[in-house]
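I'd like to ask you about the structure that follows.
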Amino acid sequence: MFTGSLPAGGWFVAPGKLKDGTKVDLMKEGAPLSWAKPKPMWKSYKTERWRKYLFHLYANNKQILHYARFLCRSWNADHHGEKQLDSLEIVYMSREHRSNGSAQFFKENVLFHFNCREPGKRS
């Protein structure tokens, strides 16, 4: 209500790059990376609380560094060696409209890039 306009009709993607170069989707627990629009949209979030949390990050990204650290710690606690997370991005795919209003498309908005090797630094 007081945070300004929130995005409508989009979804989050968290591409992660492992030390061996493999790219995974951290929002889908390491599934192969996909930029395709999820159907139905609500399936792209673990729970309604996660959906609300992510949109809060979009509106006020002061906490996004902590979320990125959480993603790195969580992944690397369960994976070892070359399967550990090297870096990640937090991306919002937003619905956009062509200037003539004829069609819509989705635009990749990188909200944050994080290097897991140096967790104190933003990249």
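Scanning for something surrounded by fewer than 13 Cβ atoms within 10 Å (Cβ to Cβ) and touching an Asp or Glu at 6+ places or on another chain (Cβ under 9 Å), does the range 71-81 turn up at least one residue?
The answer is yes, given that some residue of the range 71-81 is surrounded by fewer than 13 Cβ atoms within 10 Å (Cβ to Cβ) and touching an Asp or Glu at 6+ places or on another chain (Cβ under 9 Å).
Out of 57, 65, 88, which single residue is at pLDDT 85 or above, assigned to a helix (DSSP H, G or I) and surrounded by 10 or more Cβ atoms within 10 Å (Cβ to Cβ)? Give the steps one after another, and end with the answer.
Values: 57 fails: at pLDDT 85 or above; 88 fails: assigned to a helix (DSSP H, G or I).
None of the other options fit; the residue is 65.
For the range 93-110: of the residues being under 23 Å from residue 56 (Cβ atoms) and at pLDDT below 90, which is surrounded by the most Cβ atoms within 10 Å (Cβ to Cβ)? Talk me through it step by step, then tell me what you get.
Quick first cut of the range 93-110, residues under 23 Å from residue 56 (Cβ atoms) only: 93-96, 106-110.
Next, from what is left, pick out any that are at pLDDT below 90: 93-96, 106-109.
Numbers: 93: 20, 94: 16, 95: 14, 96: 14, 106: 16, 107: 10, 108: 11, 109: 15.
Of everything passing the filter in the range 93-110, 93 is surrounded by the most Cβ atoms within 10 Å (Cβ to Cβ).
Tally time: how many residues in the range 1-29 are assigned to a loop (DSSP other than H, G, I, E, B), buried (at least 16 other Cβ atoms within 10 Å of the Cβ) and modelled with pLDDT of 85 or more?
Let us first name the residues in the range 1-29 that are assigned to a loop (DSSP other than H, G, I, E, B), namely 1-10, 14, 19-22, 29.
From what's left, buried (at least 16 other Cβ atoms within 10 Å of the Cβ): 10, 14, 19.
Applying the additional criterion that residues be modelled with pLDDT of 85 or more yields 14, 19.
Residues that pass the stated criteria total 2.
Condition check ((1) under 11 Å from the mean Cα position of the chain (by Cα); (2) free of Cβ contacts under 8 Å to residues at least 60 places away in the same chain) across all residues:
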| residue | (1), (2) |
| --- | --- |
| 18 | no, no |
| 27 | yes, yes |
| 30 | no, yes |
| 39 | no, yes |
| 57 | yes, yes |
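The values are calculated or read from the model by the stated rules, or taken from the named source; none is laboratory data. Here the structure is a predicted model, which is why all the values come from computation and not from measurement. Glycine also receives a Cβ, built like all others from the backbone with ideal geometry; neighbour counts cover every protein chain displayed.
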